Each structure stands twice: as C-alpha cells, then as structure tokens.
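Worksheet: the structure to be examined is printed underneath.
The values are calculated or read from the model by the stated rules, or taken from the named source; none is laboratory data. Quantities reported herein were computed from a predicted structural model and do not represent experimental measurements. Methodologically, a virtual Cβ is constructed for each residue, glycine included, from the backbone with ideal geometry; neighbour enumeration extends over all protein chains shown. With ligands, DNA and RNA removed, areas are computed over all heavy atoms of the protein, side chains included. Shrake-Rupley method; radii C 1.70, N 1.55, O 1.52, S 1.80 Å.
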Amino acid sequence: MPRSPRRRVALYSHDTQGLGHVRRNIEIAAALVAAHGATDVLLLTGTPAAAALPLPPGAEVVVLPGVAKSGPGAYASASLGLRLGEVLDLRGRMIESALAAFSPDLVVVDKVARGLGGELDAALRTLRTTVGPRGLPTRVVLGLRDVLDDPATARAEWEAEGTTAAVRASYDAVWVYGDPRVHDLAATLRLPDDVAAMVRHTGYLAHGRGGHVTAPPAGDPAPPTDPYVLCLVGGGQDGHRLADTVARTPLPAGHRAVLVTGPCMPVEQRQGLQELAARRPDLDVHPFVGDTRPLVAGAAAVVSMGGYNSVCELLTAGRPTLVVPRTTPRREQLVRAEGLAPHTALDHVLPEHATPAVLAGWLDGAVRRAAAPHDLDLDGLGRLPRLVDDLLVPTLAEETSRATA
C-alpha cells in the first residue's frame, strides 16, 4: 500500500515590528507537527530574527524583504533602497512563487487577510485553484489574535482593508486565538452572519508552548540561583521606557532583577541599560533569550508588557505578574489587560503610572504571594490540530471528484 503523502502547511506573517506574529506561527507549527508527525511547514515572515528562534522539526523559514513602521499607520522598506510599493510587489511575488512551488494542504495567514498592503492578493487568487499533495484543494485560514485594537479602530481598519470581502472570497475559516469571555472579536467587529459563522475561538495558545524546544537555545542564560524578579518587553522595539524604569527600581530584599531587552531594542538604548547594570550588581541585562520560559518559571514576580505571546507564557507559568501595556499606537495590550483582569490574577498599570516607586511597592508584595487560579481557556494549541483535521478531511463531493479524475 503506498504511503500517504506528508501534510504540507504554510504560515504567513507580515512582521513589520517585533517578533509577536512569527512567534505565534512557530507555536502553531510546533503543535501541528506534534499532532501529525508527517508534516512539512513553510514559515513566511518579514523578520530575519525568526531564523534565531527554535523551530519544530520539518519547518523552514522563508524571510521576505523587510518592511518597517515609519510612523503611525505608515511603512517603508527596512533595508532595500526601494519605494514601499516596490518592496511589497517583490514580497508578493516571492510569496506567490513559494506557495505555488510548495502546494500546501493548508495556509494560515496571521492577522492581515490580504497581507501587508495587499501583498497576498495574487497568492490568494492562485490558492483558490491550488491542489495539495493529497489531490484536494488548498484550505486557507485567517488567524487572529484575541484583540486587534480598541473596538472602533479595529472595525475601521477591518473595513478599510476590505477584510470581509477578502474572507468571503478566499478563506475557509477564521480562527481567533483567544477566549471570547475576555474579548469577543466577532462581536467587536460586528461581522455579518456568514462571516461570523466561519469564526472559531480556539482558546489562548498557551498550554504546551515551547514543547518543540528540547534543549536551551545556544546563548540563553541560565536562571539565577538567587531569588529574582523578571522584566520582559517583548521584541523591545518600544520597550525601553519600561526596561529603564525597572532598571532603576529598588528591589525586594534578597532579590535581583533580570531584564530581557529583546533583539529589536535600538542598540544605543540597550547599551544604556547595560551601563546601568554595570553599576548595579543586582541587575542582569540580556539582549535576547530564545526561550524565556525557564526564566519566567523561576521568577518570584514578573513585570511585562502585554503582548499576546508574553501574556500566554505568563498565564501558563502562573507567576505573580504586573502588565504594563502599550497604549500607542495601538491599544490592543490595554484592551487585553482590562479584559483579563476579571478572570485572572494579572495586575496592570498604565505606562505613565509605572514609576520606580510604584513598581517597587508592587514587587514587595508580589514576591510574597502566589498567583491566584484563573478560569480561562488556555488549550488553543491542543485544539488546533483537530480544527485542521476538520478542514482537511475531504468532503463527499471532493472524494467523488478525486475518484473519477
């Protein structure tokens, strides 16, 4: 009996700032490979830093030419001396060619249904006639984090980008990576009935994160043996204010501080923090940590920005946590923190109120308490393989067509 062909999955993320989108896609890839070992994964991303992140077996990264934010809602080429339109055209051609050659069974698009500036439009048209290695049409899914932005902004952007029409024309399902009790994205976006019917809330992609990491990534620091508090600022591109505040905060007696700046923090800001650490023996500064879970698990308390991946890791670890959410240019992190508050023990404070005195007072109490339980659905990674199976099981019409072809 011939062997069934390996399953092929492609995951796209536009990645103009930070690592959040591609990190989420890597966790999804790892969950799908763990559930179905004969799976090949192609990760299409706009950040070269993705190559430094641990990948599951059978996964490869295709790095697109970079695009960076140049202001609120504005973008520019990150490195090439090309106009934005030229870079997006190049990226779009690369995406279309890669997907045509890969012929995936499933494509998962992160957040932006038409891709950055419509760079997925040509690829999406091609995918509607693409057949995967099992002889069945390629399925296409839009994957959305739990919160896009404050409700008014999220609705305005959804409409301006023509997302409803794109979903109707090109997608088979919409996955929302969250618990609707925290934020009901379908209701927030006021989706029409036919599109709302495509939505599945998966639960947070929390339990099982990092299961593909079998050894500490090269260069990752070991957690201190002394009691410590931890500060995380995501990729770090806009985390300097919080990092600098923590670096100047008095610590609970007998504790030290571990600060991870993230690889996207500007070099001069990172150097300034390292100079502070050189004058402060109870402060460790690390520019990049491939797997932060061991540091989170060992921390007496955590101060963190409120990005999706960080929050998932912190909820899983159950450590006392203070979230200092980003509030500009997007209010996503603030909306998430406020939605989580009734269901978890995560505390939050606005950035303008996060002074060294406020952080010191919170840390003094936090290191003496355990995190309270929560009632959230954190099992999204375990649920995704079943959703994929539901999509890839052929319909009766498809089976008949394949049998008579």
Determine, yes or no, whether GLN237 is of a type outside the set (Lys, Arg) and free of Cβ contacts under 8 Å to residues at least 60 places away in the same chain.
no
Would you confirm whether any residue within the range 143-161 is outside any helix (DSSP H, G or I), without any contact (Cβ under 8 Å) to a residue 60 or more places away in the chain and among the charged types (D, E, K, R)?
yes
Could you please give the count of residues in the range 163-211 that are in a helix (DSSP H, G or I) and either closer than 26 Å to GLY318 by Cα or in contact (Cβ under 8 Å) with a residue 24 or more places away in the chain (or both)?
12
Quick check on the range 98-116. Is at least one of its residues open to solvent by less than 10 Å² (accessible area, probe 1.4 Å) and among the small types (Gly, Ala, Ser)?
yes
Going residue by residue through the range 83-90, is there one that turns out to be out of contact with any helix residue (DSSP H, G or I) (no Cβ under 6 Å at 6 or more places or on another chain), open to solvent by 40 Å² or more (accessible area, probe 1.4 Å), free of Cβ contacts under 8 Å to residues at least 12 places away in the same chain and part of a loop (DSSP other than H, G, I, E, B)?
yes
How many residues of the range 365-385 are touching a helix residue (DSSP H, G or I) at 6+ places or on another chain (Cβ under 9 Å) and among the small types (Gly, Ala, Ser)? The answer is 3
For the range 332-359, pairs from a residue that is under 22 Å from ARG145 (Cα atoms) to a residue that is at pLDDT 95 or above and part of a helix (DSSP H, G or I), with Cβ under 6 Å and 6 or more apart or across chains, are LEU346/LEU340; HIS348/ALA337
Positions within the range 349-375 being open to solvent by less than 60 Å² (accessible area, probe 1.4 Å) and modelled with pLDDT under 95, in sequence order
ALA371, ALA372
So, in the range 236-263, how many residues would count as being touching a helix residue (DSSP H, G or I) at 6+ places or on another chain (Cβ under 7 Å) and modelled with pLDDT under 95?
1
Please go through the range 212-235 and pick out each residue that is buried (at least 23 other Cβ atoms within 10 Å of the Cβ), hydrophobic (A, V, I, L, M, F, W, C) and either at pLDDT below 95 or in a loop (DSSP other than H, G, I, E, B) (or both).
VAL233
If only one of ALA113, ALA34, ALA49 is over 18 Å from LEU392 (Cβ atoms) and modelled with pLDDT of 95 or more, which one is it?
ALA113
Of all residues in the range 62-82 being of a type in the set (A, V, I, L, M, F, W, C) and buried (at least 18 other Cβ atoms within 10 Å of the Cβ), the one that is farthest from HIS212 (Cα to Cα)
VAL67
For the range 250-271, give me each residue that is open to solvent by 50 Å² or more (accessible area, probe 1.4 Å), in contact (Cβ under 8 Å) with a residue 24 or more places away in the chain and part of a helix (DSSP H, G or I).
GLN269
Restricted to the range 41-57 and to residues being open to solvent by 20 Å² or more (accessible area, probe 1.4 Å) and touching a residue at least 40 places away in the same chain (Cβ under 8 Å), the residue nearest to LEU106 (Cα to Cα) is LEU42
Which of the following residues is β-branched (Val, Ile, Thr) and closer than 26 Å to LEU350 by Cα: THR214, THR249, THR225?
THR249
